[in-house]
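S.K.: This is the structure, below, for whatever I ask next.
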Amino acid sequence: LGAAAPGEFDPYRVLGVGRSSSQADIKKAYKRLAREWHPDKNKDPGAEDKFIQISKAYEILSNEEKRANFDRYGDAGESQGFSQQQHRQFHRFHDGFYFDESFFHFPFNSERRDTSDEKYLLHFSHYINEIVPDSFKKPYLIKITSDWCFSCIHIEPVWKEVAQELEALGAGIGVVHAGYERRLAHHLGAHSTPTLLGLINGKITFFHNAVVRENLRQFVENLLPGNLVEKITDKNYIRFLSDWRKDNKPHVLLFDHMPVVPLLYKLVAFAYRDYLSFGYVYVGLRGTEELSSQYNINVYTPTMMIFKEHIDRPADVVQAREMKKQLIDDFLSQNKFLMVARLTSQRLFQELCPVKKSHRQRKHCVVLLTGEGEKFAEAYEAFLTFAVANTKDTLKFVHIYSDRQPEFADALLMDEEKYHGRSAVVILERRNNAGKIAYKALEEPWQGSKEDNFILLDLLDQLRTDPGLLSSETVVADLNDELAPMFLIRWFYSTLDYISDCWDSLFHSNWREMMPLLSLLFSALFILFGTVIVQAFSDSSDTRDAPPSGKEETTAKTEKNDASFSKESNSRIPKKGFVEVTELTDINYTSNLVRLRPGHMNVVLILSNSTKTPLLQKFALEVYTFTGSSSLHFSFLSLDKHREWLEYLLEFAQDAAPIPNQYDKHFLERDYTGYVLALNGHKKYFCLFKPHRSGDEGGTLGSCEDYNALQHVEARGKSSCSPGSRSIKNKLHKLSFWMERLLEGSLQRFYIPSWPTLD
């Protein structure tokens, strides 16, 4: 890429093309060089100036008039009275716009300034109350400018040309003077001039490219949704036209010889998207011959057809060598509805059946209340035929599905038995917007017979001379919106729009403005990850409580009663006033053991149905002082249900055999009630507590005296007790000392290859 000498600017040399190059070659060279020298991608210090030269060169050579002036005078025609040596070049990179500003080229005298922008000037209230609502019908291209803005003056010729072209196609144009409308400029997010932006559906999108005609046209086209116009061929035209019943809209076909859909047609499709569905047929494409022959299309003249209930023939046709916006608007505005449209929403009901404003502006609606399916098809077809033959400006023929709008149907038919499962016809007139209507229903259900046609035609003739024929009045509720998208779909699209806005703001906003948001984002992430890391370390450390001091260890060895032990364990203050003990079942087995968090243990008490209550009471008393540790979980296992699981585990325990001659008198099996297992699910080992036994369980298990001797001070002097209950509770005697050793890590560990299933 050759650099121009001072005072000389040769666009051919800048783009590296010859003077006889075609527009296609010039455009190709511009795209290649623009990608190479874009300041966002090329970090060379001179990339900014190179890109400005490339943009200026393409602006001159892409315009035939400017190119001819340059070839003739060595100048683009903006100042033939001055030589290039008299020009002082000011190059500037500004918020995504690239300008080559010639200071002395532009007159600053206000009398000579172009006043074409005055008709596009916007004010804050005008923008909020009119432009934003109108952006749901057409996109707007808005320029923010100010006085003594050299770049604004530089882009003025391109802006004027594009504004006139887009306005003729149906786009909206707006100009905001930042000096007089600072509130609006700030509302739009423009912090410098010039700024170009697009507005569609109330959403603002900023322009970030070189200000040339092609880029601005493409920017406006990109604002439009991508699914406005469907490409139609011989393979899909029947399916497209047959969708009128599902969409409840007429379908429009445009036949043209352009390979891409014209921007004019896309803008029209956006404006009428709530009423019509649009398709485009490229007549020069193979695969459209059948379609062109079917409807006798002149392939050399753009043709627009509109189809309603009958797809074999168009309801209306317009042909013109140049399709103008006004011609298309007049054509489509007269064909916005089907011949017998279905009332699917309150908005459609209000448009098709407007409120009576005066006696001369009376409009009546003939409503067919019917159902879906083949059963009602004959009645509907007869009603459609009648509507086509009797269409008038003062009459609108519509139909409604009674099962989808039950409140509306019940208000008109009074839930009469004769109409159940059959179609009915009602003539109505809306009296106000609160739902009040005057109506008259046909006496008999509508079957589409000749007699039904004569009766309805007679009523309509009487209605022209006698408005009082509609003798009944009622109030109907608003219709349900049958075609409204589901909540999840609306939420999904709203989320996509929000993500798109964030993405655009992140990569195209001023970084200084983004700093508070980025600072808040990184602070939140730091706090989040910091909390997770601290929690992870604290969880792993909870399993290792500090060993008792020498003094406490001596006290534990010398003192044998529970009272002294409770004083020793004051360092572990319980978090709750009770002990949570859950049953270990096949449902919670995985979460409470197999996938137990590292460092956590589940202390499981083995019991039977007959020993459940006393053992749980004693177990809770013994382990209560240890509930302050978050790494311990407490459960119980039913021996009656899961004996095989327990016996499998005990096979891995050394010295785990039960006390001889201890059998359950019902099942003649070993009695494991009172065993306690501390299970480490992550490391696959367990510690075992064997119950303290005071006698043969086959007979009378201890006495009050025996129990008192074992319990020392706790039960001494009590005259009444339950020997069986006390002997059962005595099995867990000294469990608290075992728990202390468990936390110290001094108990023997029995490892297993894997945890068995709990059936």
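S.K.: Quick one: Kirkwood hydrodynamic radius for segment 325-463, alpha-carbon pairs, angstrom, one decimal?
M.R.: 15.7 Å is the Kirkwood radius here.
S.K.: Loop-only trypsin sites (Lys or Arg not before Pro) in segment 371-430, please: DSSP not H, G, I, E or B, and at most 11 other Cβ atoms within 10 Å.
M.R.: Sparse-neighbourhood loop trypsin sites (Lys or Arg not before Pro): K392.
S.K.: Report, ordered by chain and residue number, the lysines lying within cross-link reach of K119, taken as a straight Cα distance under 16 Å and ignoring same-chain residues fewer than 8 apart.
M.R.: K143, K160
S.K.: Would you count, across segment 241-361, every pair of lysines whose alpha carbons are under 24 angstrom apart, provided the pair is eight or more residues apart or spans two chains?
M.R.: 19
S.K.: By how many nm would the segment from S591 to Y751 lengthen if fully extended, with 0.36 nm per residue of separation less the alpha-carbon distance?
M.R.: Difference between extended and current length: 55.6 nm.
S.K.: If you count the DSSP beta bridges with both ends in segment 171-297, what percent of them are antiparallel, to the nearest 5?
M.R.: 30
S.K.: Spelling out what I want: for every residue of segment 153-166, take phi, set θ = phi - 60°, compute 6.51 cos²θ - 1.76 cosθ + 1.60 (Karplus), and round to whole Hz; glycine and proline get x.
M.R.: 5, 5, 7, 4, x, 5, 4, 4, 5, 5, 4, 5, 5, 5
S.K.: Hand me the trypsin sites (Lys or Arg not before Pro) from segment 35-75 located in a DSSP loop with no more than 14 other Cβ atoms within 10 Å, in residue order please.
M.R.: Filter output for segment 35-75: K41, K43.
S.K.: Output ³J(HN,Hα) for segment 310-325: one whole-Hz value per residue in order, computed from phi by the Karplus curve 6.51 cos²θ - 1.76 cosθ + 1.60 with θ = phi - 60°, and x for Gly and Pro.
M.R.: 10, 8, 7, 8, x, 7, 7, 9, 9, 10, 7, 5, 10, 6, 9, 4
S.K.: A further question follows. I need the peptides 17-23, 307-313 ranked by packing, meaning the mean over residues of other C-beta atoms within 10 angstrom, with the highest value on top.
M.R.: Taking the mean over residues of other Cβ atoms within 10 Å, the ranking is 307-313, 17-23.
S.K.: Give me the Kirkwood hydrodynamic radius of segment 414-472 in Å, from all C-alpha pairs, to one decimal place?
M.R.: Computed over Cα pairs of segment 414-472, the Kirkwood hydrodynamic radius comes out at 12.6 Å.
S.K.: In square angstrom, rounded to the nearest 10, how much accessible surface does V260 have for a 1.4 Å probe?
M.R.: 90
S.K.: What list of ³J(HN,Hα) couplings, whole Hz, do you get for segment 521-528 from phi and the Karplus terms 6.51, -1.76, 1.60, once you set θ to phi - 60° and write x for glycine and proline?
M.R.: Rounded to whole hertz, the list is 5, 5, 5, 5, 5, 5, 5, 4.
S.K.: Further, regarding this structure: 5 Å is the cut-off here: which amide hydrogens, built 1.01 Å from N in the peptide plane, fall below it relative to H399, excluding neighbours closer than 5 in sequence?
M.R.: Under 5 Å from the amide H of H399 lie the amide H atoms of A341, R342, L343, L368, each far enough along the sequence or on another chain.
S.K.: How many Lys pairs in segment 1-74 lie less than 22 angstrom apart by Cα atoms, where the lysines are 8 or more positions apart or on different chains?
M.R.: The number of close lysine pairs in segment 1-74 is 18.
S.K.: Also, quick follow-up: Counting Lys and Arg as +1 and Asp and Glu as -1, each charge on the Cβ, what is the dipole of segment 1-74 about the Cα centre in debye, to the nearest 20?
M.R.: Here segment 1-74 has a charge dipole of around 260 debye.
S.K.: Please state the relative contact order of segment 1-74 as a whole percent: Cα pairs under 8 Å, 6+ residues apart?
M.R.: In percent, rounded to a whole number, it is 31.
S.K.: Could I ask something else about it? What shape does segment 250-309 take by its C-alpha gyration tensor, where a ≥ b ≥ c are the square roots of the eigenvalues and a/c under 1.5 counts as rounded, a/b above b/c as prolate, and the rest as oblate?
M.R.: In terms of gyration-tensor shape, oblate.
S.K.: Using only the alpha-carbon atoms of segment 112-223, report the extent along each of the three principal axes, biggest first, to the nearest angstrom.
M.R.: 35, 31, 24
S.K.: Which cross-chain or sequence-distant (5 or more) residues have an amide H under 5 Å from the amide H of V175, H modelled 1.01 Å from N in plane?
M.R.: Those qualifying (amide H under 5 Å, at least 5 residues apart or on another chain) are L121, L122, K143.
S.K.: Which shape class applies to segment 593-648: rounded if a/c is under 1.5, otherwise prolate when a/b exceeds b/c and oblate if not, where a ≥ b ≥ c are the square roots of the Cα gyration tensor eigenvalues?
M.R.: oblate
S.K.: Scan around S608 for amide H atoms under 5 Å from its own, H built in the peptide plane at 1.01 Å from N, and keep only partners 5 or more places away or cross-chain.
M.R.: L639
S.K.: Would you rank L649, L264, L285, L621 by solvent-accessible area, highest first, keeping every protein chain in place and using a 1.4 Å probe?
M.R.: Final ranking, largest accessible area leading: L621, L285, L264, L649.
S.K.: Return the carbon/sulfur percentage of the accessible area of segment 230-334, one whole number, probe 1.4 Å, all protein chains in place.
M.R.: After summing per-atom areas, the C and S share lands at 49 percent.
S.K.: Using a probe radius of 1.4 Å on heavy atoms only, what accessible surface per residue do you get for segment 346-475? Whole Å² is fine.
M.R.: 54
S.K.: Lysine pairs, Cα distance under 24 Å, 8 or more residues apart or cross-chain: how many in segment 383-479?
M.R.: 9
S.K.: Calculate the dipole size of segment 346-475 relative to its Cα centre from +1 charges on Lys and Arg beta carbons and -1 charges on Asp and Glu beta carbons; express the result in debye to the nearest 20.
M.R.: Charge dipole of segment 346-475: 900 debye, to the nearest 20.
S.K.: Which whole-number value in Å² is the accessible area per residue of segment 218-341, probe 1.4 Å?
M.R.: Value for segment 218-341: 48 Å² per residue.
The values are calculated or read from the model by the stated rules, or taken from the named source; none is laboratory data. A quick note: this is a predicted structure, and the numbers were derived from the prediction, not measured. No Cβ is skipped: glycine too gets one built from the backbone with ideal geometry, and neighbour counts run over all protein chains shown. For accessibility, only protein heavy atoms count, side chains too; no ligands or nucleic acids. Shrake-Rupley method; radii C 1.70, N 1.55, O 1.52, S 1.80 Å.
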